[in-house]
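K.L.:
This structure is in structure tokens; I'll ask about it shortly.
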Amino acid sequence: MNFKKLKKTSSLAIGLTLALPTLATDKHNDEKDIDTITVTTHEATKKPGMNTEISEQDIRRDGGTNFGSIMRYQPLISAPGNISGSGSGKSSWDRSGFTGYNIRGLDANRVSIDIDGMPLPIAQGRVNSVGRAGFGSYGIGRDYIDTYMYNKVDIESGATSVSNANNALGGSVSFQTKTASYYLYPGKTSYFGFQNNYDSSDRSYHQGITMAGGDDYLNGIVVLSRRDGQQTRNHGDSINSYPENWHSNSILAGFGWQMTDEHLINTTVDYNNKTKNSHYDSWDRYGKKIESFDHQRSKNNRFNLAFKDQWKPTNISWIDSLTTQLNYQRTNVFDDTDLRHTTKGNFNTQTNYNTKAYNFITTLVKIYENQRFSAGLNGKWSEDESPFFSSAKSPHAIVFPDGDYSKPQADSRSYQLGGFFEDRISFNFNDSHNFYLVPGVRAVYQNTKPRNLENMSLTKLSSNQLGKQYKGNSDFKVLPSMSFMYDINPDFTAYLQYKRGAQMPNQNQLYGSYLAHSNMYVLVGDSNLKTETSDNFELGLKGHPVSGVTLSSSAFYNKYKNFIAYTRYRKNFVGIGNRLVYQSENRDKAYIYGAELSSEFNIGKWVESANGLSARFAIGYNQGKSKSSYLGDKYVEMDSIAPMKTTVGLAWDDPNRVYGVAVTATFQKGKKAEATSRETYSNEGKPIQNSNDDYFRIAGHGIVDLTSYVYITKNVKLNGGIYNLTDQKYWDYLSNNKLYSTSDHKYLDMFTAPGRTFQVGLDIDF
């Protein structure tokens, strides 16, 4: 562990809060008797680590209309994406949109995304269509959601906890669907909500309806959402975003049933689909010339069925609660692209990614004296397929007798079994529980194997030959964790934790694309890949240091081994002969360190005349480098590490809750990605050379947002906001770090974020 780096970054998170424990101790000494009940209430839910909750109210307040904008004010969480027409690491038929979430420098499939515990499909790489330029890029992302359908979003930063069934190296984002019990309470047996809003950034209209009814014994909910929009605006001086129009529909139905005094049943069915039509030009990878003029029709849908039973037995002493849930999910992605290439003529390409999955999670909780035991089992089973068609015919008929392109990956089947045990032990000091020891361990086994290799075979490559290359892969890992927590005051806790993390190879890495469109090389997965692993250390403070202040801060240092990337070889390859081969491999090791702080201040708690005034402040900083196993390589800055980001906000909410207004400023430093020669290294025994590529520097920026609301009546609220108030021209670093400095300025302009935009909406709640 590099203590110098940990010391450097700890000063940002811990230094900002150094004085608060002293203030908090004095404050709570005076209020010892008052806070006795608070200690008992919060003790049961305290846990270490940086855990963020974005509520339904937060989503509305901050203008979170889509997969990316719900994270707009998070210091070390963001949503990278592609735009239509981009050429850097993207083929003509790859779709635009968000590829996933980036948390503390790890992104895409190294971050778990789930809905009610059911993981979403992985992001799909597209190396078969753009060759090595596409390494680390994704043609199909993980956006299967509508933000209106959820009561909250739970975010876990860093390697996931042992209790999280969806283990991942970078963290997890969990969407919790709406339930009737969220809106109903004793005395209120029905709820109706209507939301109608417009967002000028993509000219989108949204209509949403939520209806719930029932009581503590039996209740139900129905949620409907419709969105219609166009392309997201850029802020280019010379070229506008390419035209597109899209539509999405979401529906959710669920019910809760207190079947007996011991059993509470919840069942949910939800469906989401989105269709899009777009016209765009595809540029070469360096952004200097247009290569084709394209039209794409794309759609995706997700269907999910969830069943959950919460059992609180009254006659079994060793169980306080046992929660069991079952999920079924089906997703379908289809893109149909007509291309008019400047030199290769016209052709059509159709890409698909279809999955079917089942999920099982059970968790037991028992509190005994000063210990809280929790344990659980989980299982996942999934099948996926990637049908592919292209009418293009290769000029290299000897090498590619079946056409230019092959399937992006083999069909596969995967299952995972896991279990965990965690014990939180509380120690008494001065008659209060204020020190905790939390040991835990997760064990996980995963098995993946290819299917239907006959539908991936070519004239010179039979399914039997493919079977020699694509085999089953399995691994078993034990992931321990240890945490210490100390209550500085009953509501303010310091923690120190260690977690072992693991990311098992996915089907794209194991069975990825077989033939590229070049006659020079082959790209292929590796069935013998090892699991990526990490050691994670974190020190933090969280809670309420003084009345009116909410604080969460941490410093972290993470080490990673066996990162999967592509390595170049020249060797005989089954069915192809002696060729250049790029093969996935456990090639890199890395480290990431950093610190983050999020805080909110209720100023009215301190100054009576300022009742209703509040402020928030957040800052995130991280650094990370990786090093390959190549001869002579050195540690190089990881391009997935976002530059430092700060958010400052000031809000006024009328004490009578009639109106409110807020100003929020976001500042992010500039950064230039550092190029390497790892993707072009010949791997022939000579030291790796420095890269000659020069990436476009993403300039720092500062944007200001102004939001407000007013209650026209008790049940009717008008709200809106102006975003990027100063009309700042800027680029998002994580989405655009591989742009070249030599690219045409028109090409670079395409990637700018929207300028000044606005939202306006009407909320009706009864």
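K.L.:
Would you work out the charge dipole size for region 683-738 about its Cα centre, treating the Cβ of every Lys and Arg as +1 and the Cβ of every Asp and Glu as -1, and quote it to the nearest 20 debye?
P.N.:
Dipole size: approximately 320 debye.
K.L.:
Spelling out what I want: for every residue of region 547-563, take phi, set θ = phi - 60°, compute 6.51 cos²θ - 1.76 cosθ + 1.60 (Karplus), and round to whole Hz; glycine and proline get x.
P.N.:
Per-residue couplings from phi come out as 4, x, 10, 10, 9, 9, 9, 7, 10, 9, 9, 10, 10, 10, 10, 6, 4 Hz.
K.L.:
Would you mind checking which residues have amide H under 5 Å from Asn434's amide H? H placed 1.01 Å from N; only 5 or more apart, or other chain.
P.N.:
Phe427, Phe429
K.L.:
Something else about it: In whole percent, and with a 1.4 Å probe on the protein chains, what portion of the accessible area of region 636-766 is carbon and sulfur?
P.N.:
55
K.L.:
For the full complex of protein chains and a 1.4 angstrom probe, list Trp246, Trp381, Trp318 by accessible area with the highest value first.
P.N.:
Trp318, Trp381, Trp246
K.L.:
Enumerate by residue number the trypsin sites (Lys or Arg not before Pro) in region 682-766 meeting two conditions: DSSP loop (anything except H, G, I, E, B), and at most 11 other Cβ atoms within 10 Å of the site's Cβ.
P.N.:
Answer by residue number: Lys714.
K.L.:
Are there DSSP H segments in the chain that both extend 18 Å or more along their axis (alpha-carbon positions) and score a mean Kyte-Doolittle hydropathy of at least 0.5? List them, or say none.
P.N.:
Taking the DSSP H segments of the chain (at least 18 Å long, mean hydropathy at least 0.5), we get none.
K.L.:
Could I ask something else about it? What order do Lys288, Lys542 take when sorted by accessible area (1.4 Å probe), most exposed first?
P.N.:
Listed by decreasing accessible area, they come as Lys288, Lys542.
K.L.:
Where Lys and Arg each count +1 and Asp and Glu each count -1, what net charge lies around Trp381 among other residues with Cβ under 14 Å from its Cβ?
P.N.:
+4
K.L.:
Shifting gears a bit: I need to check one value: relative contact order of the chain, counting alpha carbon pairs closer than 8 Å and at least 6 residues apart, in percent.
P.N.:
Relative contact order for the chain comes out at 12 percent.
K.L.:
Out of region 188-232, which chymotrypsin sites (Phe, Trp or Tyr not before Pro) are coil in DSSP terms and have no more than 15 other C-beta atoms within 10 Å?
P.N.:
Answer in residue order: Tyr217.
K.L.:
Something else now. Enter the accessible area per residue of the chain (Å², integer; probe 1.4 Å; all protein chains in place).
P.N.:
Result: 42 Å² of accessible area for each residue.
K.L.:
Tally up the carbon and sulfur contribution to the accessible surface of region 182-243 as a whole percent, 1.4 Å probe, everything protein left in place.
P.N.:
Carbon and sulfur atoms account for 54 percent of the accessible area of region 182-243.
K.L.:
Could you go through region 226-241 in sequence order and give the Karplus-derived ³J(HN,Hα) for each residue, using 6.51 cos²θ - 1.76 cosθ + 1.60 with θ = phi - 60°, rounded to whole Hz, and x for Gly and Pro?
P.N.:
Values per residue, Gly and Pro as x: 9, 10, 9, x, 10, 5, 6, 5, 9, 10, x, 7, 10, 8, 8, 4 Hz.
K.L.:
Ignoring ligands, DNA and RNA, what percent of the 1.4 Å accessible area of region 472-614 is carbon and sulfur?
P.N.:
Using a 1.4 Å probe with all protein chains present, region 472-614 comes out at 52 percent carbon and sulfur.
K.L.:
Could you list which residues have their amide H under 5 Å from that of Tyr730, counting only those 5 or more apart in sequence or on another chain, with H placed in the peptide plane?
P.N.:
Distant-sequence amide H within range of Tyr730: Ala753.
K.L.:
OK, next. Taking DSSP loops as anything outside H, G, I, E and B, show the longest stretch in the chain free of GluC sites (Glu not before Pro) there with at most 11 other beta carbons within 10 Å.
P.N.:
Formally, the longest exposed-site-free interval is 1-368.
K.L.:
So, counting K/R as plus one and D/E as minus one, what does the shell of residues with Cβ under 12 Å around Ala306 add up to?
P.N.:
-3
K.L.:
In whole Å, how far is the Cα centre of region 591-668 from that of region 427-468?
P.N.:
The distance from the Cα centre of region 591-668 to that of region 427-468 comes to 32 Å.
K.L.:
Sort out for me the Cα centre separation of region 708-737 from region 143-191, rounded to whole Å.
P.N.:
Value for the Cα centre distance between the two parts: 23 Å.
K.L.:
Out of region 166-212, which trypsin sites (Lys or Arg not before Pro) are coil in DSSP terms and have no more than 15 other C-beta atoms within 10 Å?
P.N.:
Arg203
K.L.:
Counting only other residues whose beta carbon sits under 11 Å from that of Tyr358, what net charge do I get with K and R as +1, D and E as -1?
P.N.:
Around Tyr358, the surrounding residues sum to +2.
K.L.:
Using the Cα centre of the chain as the reference point, and only Cβ charges (+1 on K/R, -1 on D/E), how large is the resulting charge dipole? Debye, rounded to the nearest 20.
P.N.:
That gives the chain a dipole magnitude of about 2620 debye.
K.L.:
Moving on. Please give the calculated 222 nm ellipticity per residue for the chain, where each DSSP H segment of at least 4 residues contributes -39500 (n - 2.57) and the sum is spread over every residue; nearest 500 deg cm²/dmol?
P.N.:
About -2000 deg cm²/dmol.
K.L.:
Can you flag which of Lys178/Lys380; Lys276/Lys356; Lys46/Lys605; Lys477/Lys561; Lys188/Lys274 are past 26 Å Cα-Cα?
P.N.:
The pairs that break the limit, which is 26 Å between Cα atoms, are Lys188/Lys274.
K.L.:
For Ser406, list long-range residues whose amide hydrogen, built 1.01 Å from N in the peptide plane, is under 5 Å from its own amide hydrogen.
P.N.:
Leu515
The values are calculated or read from the model by the stated rules, or taken from the named source; none is laboratory data. As the structure is a prediction and not an experimental result, all values here were calculated from the model. All Cβ positions, even for glycine, are placed from backbone atoms using ideal geometry, and neighbour counts span all protein chains on display. Each accessible area value is taken on the protein alone, full model and side chains, heavy atoms only, with ligands, DNA and RNA left out. Shrake-Rupley method; radii C 1.70, N 1.55, O 1.52, S 1.80 Å.
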